[in-house]
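Each remark here refers to the structure printed beneath this line.
The values are calculated or read from the model by the stated rules, or taken from the named source; none is laboratory data. The shown structure was predicted, so the numbers you read here are calculated from the model rather than taken from an experiment. Cβ coordinates were reconstructed from backbone atoms using ideal geometry, including for glycine residues, and neighbour counts include every protein chain displayed.
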Amino acid sequence: MINNNIEPKFVVDEELHNLMVTLRDTKETYNRICARMRKQGVKLNKCNEENYSSDIDEVISTVSCIISEQLYHDIQKGGLA
């Protein structure tokens, strides 16, 4: 007998989740490297840092949209079995 009181389960694709974690970690690593280099006196081109930040934010945003589309699809189907 099926228990209808159990809420549907929604799970983000593991590979997408891992990609988001990797992107977050990559952004944090880049920021730490730049901070360390500035502390050492390296003159970093602000434009390069801003471009990197903007580019990785764009990738993170795109992956977030894909995750959202997957979850919307799962909601339409009533969750995972």
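Annotations for the structure displayed:
- For ILE60, the conditions (1) loosely packed, with under 14 Cβ neighbours inside 10 Å; (2) modelled with pLDDT of 95 or more; (3) within 30 Å of VAL11 (Cα to Cα) all hold with the exception of (1).
- Checking each residue in segment 23-57 for being among the polar types (S, T, N, Q) and either surrounded by 11 or more Cβ atoms within 10 Å (Cβ to Cβ) or not in a helix (DSSP H, G or I) (or both) picks out THR26, ASN31, GLN40, ASN45, ASN51, SER53.
- Test set (1) among the polar types (S, T, N, Q); (2) within 13 Å of LEU19 (Cβ to Cβ); (3) surrounded by fewer than 14 Cβ atoms within 10 Å (Cβ to Cβ) - GLN70 fails condition number: (3)
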